[in-house]
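K.L.:
Below is one structure. I have some questions about it.
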Amino acid sequence: MTEQRIPASTLDKYYRVAAPKEERGTGPKNEIRISQKSDRVGQYIMYAINLFLKDNEDSVIIKAAGNAAVKCVLVAEILRHRIPDLHQINRITQSEIQDLYKPKEEGLVPVTITKILPVLEIKLTTKPTSQELNDASYQKPPPADQVEKIDLDNPRPVRKFPQREFNDRPRGQGRDYDDGRPRGFGGRRGRGG
C-alpha cells in the first residue's frame, strides 16, 4: 500500500468530521481502554480492582494505542503488585482508524484517510488457559512477598516517608545560612543572575 501525502494547501480546504459515538463502539465490561489524553491512571486501577475483587471477574483486558501504551504497562504492573496470582499475557495488534474530511468549498469530494495504529493489549487473568501459559508473551505472577494486598475500604496504601531533619540535606544542594536558606542557588538578590 502506498501512502499519499496531501499538500498542506489542500488540507486547508477540508475539515475533519468526528466519528459518531455509535461507530466508536463500547467494549465488554472487563475491557479497559486507556486514552492518551487522560491522566486518570488511578481511576483505571480502581476500576480494574473492583472488577477483580467485587465483581469476581477472572480476567481484565487493558488496551492502549500509540503513546498511551506507557500508561497501559503502568496500570498492569501496579495491578500485578496489588492483586495476588495475576498472570499477564501481552499482545500487540493493530487497529484501523478512518478519518472523514469534508470539503469547505463546493466542487470538492469528501476524503477518507485510513490510519493504522499499533495497539498494546495486556490481559491480566487469575485463570490462564494452557494455550496462554505456553504463549511467548506470558508472564507469571510476581512472588507473594512483592504483592501488597488491597483493602477495599482503604484501597490506597498509606506510605509514610521519613521526615528529614534540617541538617540531613542530600549532598550537592549547597550549604545553609543560619536562617535555613540554602546557599549557592541563584545570584544577586535572588534574581537568578
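The values are calculated or read from the model by the stated rules, or taken from the named source; none is laboratory data. Model, not experiment: these values are computed from the prediction. Here Cβ is always computed from backbone atoms with ideal geometry, including for glycine, and neighbour counts include all displayed protein chains. SASA here: full protein model, heavy atoms, side chains in, ligands and nucleic acids out. Shrake-Rupley method; radii C 1.70, N 1.55, O 1.52, S 1.80 Å.
K.L.:
When region 56-72 is examined, which residues are found to be open to solvent by 70 Å² or more (accessible area, probe 1.4 Å) and among the hydrophobic types (A, V, I, L, M, F, W, C)?
P.N.:
Listed by number, the list holds a single entry, VAL70.
K.L.:
Which of the residues that make up region 102-134 are in a helix (DSSP H, G or I) and open to solvent by less than 60 Å² (accessible area, probe 1.4 Å)?
P.N.:
GLU132
K.L.:
I'd like to know if region 33-55 contains one or more residues that are among the acidic types (Asp, Glu) and either closer than 20 Å to PRO118 by Cβ or surrounded by 11 or more Cβ atoms within 10 Å (Cβ to Cβ) (or both).
P.N.:
Scanning region 33-55 turns up no residue that is among the acidic types (Asp, Glu) and either closer than 20 Å to PRO118 by Cβ or surrounded by 11 or more Cβ atoms within 10 Å (Cβ to Cβ) (or both).
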